[in-house]
Amino acid sequence: MLYSEKVMDHFRNPRNVGEIPDADGIGEVGNAKCGDIMRMYIKVSDNIITDVKFMTFGCGSAIATSSIATEMIKGKSIDDALDLTNKAVVEALGGLPAHKIHCSVLAEEAVKAAVKDYYDKNHITYDCSKYSVGTCPCIHEHDNIEQ
Ligand code: FES
């Protein structure tokens, strides 16, 4: 079978779908190639992600990866959420076909974007090495260093 049972389960019954009106952080990311968009909402209390919801306008794999990503970061610390990799998301889903791996990247980026929004709103400085090149919010600063 192309997709694991777990992928199908999260696709058919996605967890934590919706919006959090008074979210502490919102991250929206998109994939320019496929046009899919993922939005992640987090509530944070004492550095812990107490609630998380997502809205994904995209393929089944994008829905499954965002669904499981919410389960993986709920109740965890902000630091743990930032350490969530797309690889861990794929493993938790029991694998994805190679041409669908990019959908899991969207899930990782959405979590990171939501955390970044939380940091920005609260004027918290963060470790930009947690953001991969391309998604790093201070990419321009890196550019300047390289020049
Ligand atoms: Fe675009 Fe899956 S095909 S995120």
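Scan the range 75-104 residue by residue and report those that are within 12 Å of the ligand (Cβ to nearest atom), in contact (Cβ under 8 Å) with a residue 60 or more places away in the chain and either open to solvent by 20 Å² or more (accessible area, probe 1.4 Å) or under 15 Å from LYS6 (Cα atoms) (or both).
Selection gives LEU96, PRO97, HIS102.
Restricting attention to the range 109-120, does a residue exist that is surrounded by fewer than 24 Cβ atoms within 10 Å (Cβ to Cβ) and either among the hydroxyl-bearing types (Ser, Thr, Tyr) or at positive phi (or both)?
Yes - at least one qualifying residue is present in the range 109-120.
Which number in (1) open to solvent by 60 Å² or more (accessible area, probe 1.4 Å); (2) away from the ligand (no atom under 16 Å from the Cβ) marks the one condition that GLU28 misses?
Of the numbered conditions (1) open to solvent by 60 Å² or more (accessible area, probe 1.4 Å); (2) away from the ligand (no atom under 16 Å from the Cβ), the odd one out for GLU28 is (2).
When you scan the range 113-132, how many residues do you find that are assigned to a helix (DSSP H, G or I) and either more than 16 Å from the ligand (Cβ to nearest atom) or without any contact (Cβ under 8 Å) to a residue 24 or more places away in the chain (or both)? Step through it out loud before you land on a result.
Start the filter on the range 113-132 by keeping residues that are assigned to a helix (DSSP H, G or I), which leaves 113-121, 128-130.
Within this subset, residues satisfying the condition of being either more than 16 Å from the ligand (Cβ to nearest atom) or without any contact (Cβ under 8 Å) to a residue 24 or more places away in the chain (or both) are 114-121, 128-130.
So the count comes out to 11.
Is there a residue in the range 31-49 that is open to solvent by less than 40 Å² (accessible area, probe 1.4 Å) and in contact with a Pro (Cβ under 6 Å, 6 or more places away or on another chain)? Full working, then the answer.
Initial filter on the range 31-49 (open to solvent by less than 40 Å² (accessible area, probe 1.4 Å)): 31, 36, 38, 40-42, 44, 49.
Still in the list and also in contact with a Pro (Cβ under 6 Å, 6 or more places away or on another chain): none.
No: zero hits.
The values are calculated or read from the model by the stated rules, or taken from the named source; none is laboratory data. Predicted, not measured: the structure shown is a model, and the values here were computed from it. In this analysis, Cβ positions are derived from the backbone assuming ideal geometry, glycine residues included, and neighbour counts consider all displayed protein chains. These accessible areas exclude ligands, DNA and RNA; they are computed on the full protein's heavy atoms, side chains included. Shrake-Rupley method; radii C 1.70, N 1.55, O 1.52, S 1.80 Å.
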